[in-house]
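Okay, so here's the structure we're looking at.
The values are calculated or read from the model by the stated rules, or taken from the named source; none is laboratory data. These numbers come from a predicted model, not from an experiment. Areas reflect the complete protein model, heavy atoms only, side chains present, ligands, DNA and RNA absent. Shrake-Rupley method; radii C 1.70, N 1.55, O 1.52, S 1.80 Å.
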Amino acid sequence: MSKYYVNKFLYTVDRDPEYLKRYIEDPKSFVATWEQSIGPKLLGNDVEASTVHALTDKERDALVTHDFVALFEMGAHFFLNLTMFIGIYDEPYFQKSGPLAFQREFAAKLQHWRDRDYPSVET
């Protein structure tokens, strides 16, 4: 897994309302655009470029399908993964099931990791 690139995606998209909106509306198109033109740039620097230029097929698929469990299992940073998907799902889950409903769903879907080592976030 190119953990750096996935974590960079999660960090960048979560902190930019326009990126998040585009990701929610058309994940497949946005992931492709991000991978081709947004991701290669270093954060806050339009001159230098990242040395990581591609997601793996599994990473791309997990991002397109919002599969936060697969991202976690591949070693995406827990906090970045959680906060990005809270940004997407918190309101609809809240409307349906009350406060912290998405966070409870996130935790429930990761129960199979209880008593296991946290996936490494090292590249």
Output the relative contact order of the chain, whole-number percent, from Cα pairs under 8 angstrom with separation of 6+ residues.
-> 31
Taking only Cα atoms, what is the 0 to 90° angle, nearest 10, from helix 78-97's long axis to the longest principal axis of the chain?
-> 50
Would you work out what percent of the accessible area of the chain, with all protein chains in place, is carbon or sulfur (probe 1.4 Å)?
-> 54
Restricting to lysine pairs 8 or more places apart or on different chains, what number in the chain have Cα atoms under 27 Å apart?
-> 21
Using alpha-carbon positions, the gyration tensor of the chain gives root eigenvalues a ≥ b ≥ c; with a/c under 1.5 called rounded, otherwise prolate if a/b exceeds b/c, else oblate, the class is oblate
Using a 1.4 Å probe, what is the accessible area per residue for the chain, in Å²?
-> 59
